[in-house]
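The values are calculated or read from the model by the stated rules, or taken from the named source; none is laboratory data. Here the structure is a predicted model, which means the values were calculated and not measured. Cβ coordinates were reconstructed from backbone atoms using ideal geometry, including for glycine residues, and neighbour counts include every protein chain displayed.
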Amino acid sequence: MTQFTAALLLFVISAKAGFTRELSYSCSLPPLAFKFYQMGDGNLYDIEVIRGTAVDLLSAVEADMQGSGVCRHSIWSFDYDGPITVKELGCYGEIQPPEGAVGEVVFGDSFKHSLFCYSASTLKD
């Protein structure tokens, strides 16, 4: 299925279900960017993985919420050439995220490698 067909299918399903698609979170780790669109009031999100300027993956995923209060954060796990997890920043203990970081991207399943990601506007400055 082409990327355009997948995007069109997600749009049609969303429209028929009465969902509104609202960008709720994004982070960039060049050459990749991740965008999460909340579908309605629940934990269902459309995700876009953008490589360079092209949308490389469109999918739907449910967010896992962890923590409480000011430490509450969303976690999205999906497959993109292997398992990937994108996390909003929650609360950290000994290791503090770099200034300007908006999230963390974890690559892999058994051997995990994680990097912090940033908003696209931060990277352009």
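Within segment 105-114, is there a residue that is at pLDDT below 95, surrounded by fewer than 13 Cβ atoms within 10 Å (Cβ to Cβ) and basic (Lys, Arg)?
There is at least one residue in segment 105-114 that is at pLDDT below 95, surrounded by fewer than 13 Cβ atoms within 10 Å (Cβ to Cβ) and basic (Lys, Arg).
Only residues that are assigned to a strand (DSSP E or B) and either over 11 Å from the mean Cα position of the chain (by Cα) or of a type in the set (S, T, N, Q) (or both): list them for segment 73-83, please. Working first, answer last.
From segment 73-83, those assigned to a strand (DSSP E or B) are 73-79, 83; that's our starting set.
Of everything in segment 73-83, those that are assigned to a strand (DSSP E or B) and either over 11 Å from the mean Cα position of the chain (by Cα) or of a type in the set (S, T, N, Q) (or both) turn out to be HIS73, SER74, SER77, ASP79, PRO83.
Can you tell me which of VAL70, VAL49, VAL86, VAL55 is within 14 Å of GLU104 (Cβ to Cβ), of a type in the set (Val, Ile, Thr) and either in contact (Cβ under 8 Å) with a residue 12 or more places away in the chain or outside any strand (DSSP E or B) (or both)?
On the way: VAL70 fails: within 14 Å of GLU104 (Cβ to Cβ); VAL49 fails: within 14 Å of GLU104 (Cβ to Cβ); VAL55 fails: within 14 Å of GLU104 (Cβ to Cβ).
One residue alone meets the criteria, VAL86.
Could you please give the count of residues in segment 56-78 that are among the small types (Gly, Ala, Ser) and crowded, with 17+ Cβ neighbours inside 10 Å?
Total satisfying the criteria: 2.
For residues that are over 13 Å from the mean Cα position of the chain (by Cα), surrounded by 14 or more Cβ atoms within 10 Å (Cβ to Cβ) and among the acidic types (Asp, Glu), tally how many sit in segment 33-55.
0
Please enumerate the residues belonging to segment 61-79 that are hydrophobic (A, V, I, L, M, F, W, C) and in contact with a Gly (Cβ under 7 Å, 6 or more places away or on another chain).
CYS71
Among the residues of segment 79-100, what is the count of those that are out of contact with any His (no Cβ under 8 Å at 6 or more places or on another chain) and surrounded by 17 or more Cβ atoms within 10 Å (Cβ to Cβ)? Even if it seems obvious, please write down each step before you answer.
We begin by selecting, within segment 79-100, every residue out of contact with any His (no Cβ under 8 Å at 6 or more places or on another chain); these are 79-86, 91-100.
Those still in the list that are surrounded by 17 or more Cβ atoms within 10 Å (Cβ to Cβ) too: 84-86.
Number satisfying all stated conditions: 3.
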